[in-house]
Amino acid sequence: MAVKTIWPITHSCGHHAERDPSGRAADRRAGFAEWLAKQECTDCWRAAKEGDG
């Protein structure tokens, strides 16, 4: 069975991205992908932070 290296993520803002969580331990990758899905994408996060300043 092949190890999944690219995870499709649909962020809470609705944007889609593919992430490679191979830098994390294999047993933590799915949890990291689930956490990412609950977050805004990087672009939306940055836009929100710039609006705060």
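For the reader, a short list of remarks on this structure follows.
- Whichever residue in region 14-53 is among the basic types (K, R) and part of a loop (DSSP other than H, G, I, E, B) and, among such residues, is surrounded by the most Cβ atoms within 10 Å (Cβ to Cβ): R24
Here's the yes/no breakdown for (1) modelled with pLDDT of 90 or more; (2) of a type in the set (D, E, K, R):
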residue	(1), (2)
T5	no, no
P8	yes, no
C13	yes, no
A17	yes, no
S22	no, no
D27	no, yes
G31	yes, no
L36	yes, no
E40	yes, yes
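- In region 4-13, of all residues being outside any strand (DSSP E or B) and of a type outside the set (V, I, T), the one that is most open to solvent (accessible area, probe 1.4 Å) corresponds to K4.
The values are calculated or read from the model by the stated rules, or taken from the named source; none is laboratory data. As the structure is a prediction and not an experimental result, all values here were calculated from the model. A quick note on method: Cβ atoms are made from the backbone with ideal geometry, for glycine too, and the neighbour counts reach across all protein chains shown. Only protein heavy atoms, including side chains, enter the accessible area calculation; ligands, DNA and RNA are left aside. Shrake-Rupley method; radii C 1.70, N 1.55, O 1.52, S 1.80 Å.
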